[in-house]
Amino acid sequence: MPTKIITADGDYNFGIDAKSDSGYRVLMYTGSLGGGTLKLYTKPNDATTKVPVSNAELSTSTLDDGGDVVQQLVFMSAGQVIVNLSGSTAANVEVSVL
């Protein structure tokens, strides 16, 4: 399970392909986003541009039906997994992709 500690805005390539044997992957985080937003992208190996994964954005304002902060999402895609943190101040977040 690739895991990265993220403390600044930017793109983070997780070094794995979004396609998996199970057909899906899970992105999860713990810690502080520092008021920022995590966005999930994928990029085909030969492409220069990353492509956003639909409905794959997490922030502290992303709440579930019970009012709890959503800290994980399930996604299906292809290409390299890239996570972007933007709009943060003093973030200290551990992000994992299963």
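Computed from the coordinates by the stated procedures, all read-outs in this text should not be read as laboratory data. Computed from a predicted model, the values in this text were never measured in an experiment. Quick reminder, even Gly has a Cβ in these numbers, built from the backbone with ideal geometry, and neighbours come from all protein chains shown.
For LYS19, LYS50, what ranking results if the residue with the fewest other Cβ atoms within 10 Å of its Cβ goes first?
Details: LYS19 15, LYS50 18.
The most exposed by this proxy come first: LYS19, LYS50.
Using packing as a proxy for protection, rank 36-49, 58-71 so that the peptide with the highest average count of other Cβ atoms within 10 Å comes first.
In descending order of packing, they fall as 36-49, 58-71.
Pulled fully out, how much extra length does the chain show between LEU98 and TYR24, if you take 0.36 nm times their separation in residues and subtract their Cα-Cα distance?
25.8 nm
Taking the Cα centre of the stretch 27-98 as origin and charging only Cβ (+1 Lys, Arg; -1 Asp, Glu), how large is the dipole, in debye to the nearest 20? Present the calculation step by step, with values, prior to reporting the outcome.
Values: 3 positive and 6 negative charges, 63 e Å.
I would put it at about 300 debye.
How do MET76, MET28 line up, fewest other C-beta atoms within 10 Å first?
MET76, MET28
Aspartates and glutamates within cross-link reach of LYS50: Cα-Cα under 19 Å, excluding same-chain residues under 8 positions apart?
Within the straight-line limit of under 19 Å, LYS50 reaches these aspartates and glutamates: ASP9, ASP11, ASP17.
Which of GLY35, ASN45, VAL74 sits farthest toward the positive end of the charge dipole of the chain, with +1 on the Cβ of Lys and Arg and -1 on the Cβ of Asp and Glu?
ASN45
Sort out for me the Cα centre separation of the stretch 54-98 from the stretch 1-42, rounded to whole Å.
Answer, in whole Å: 7.
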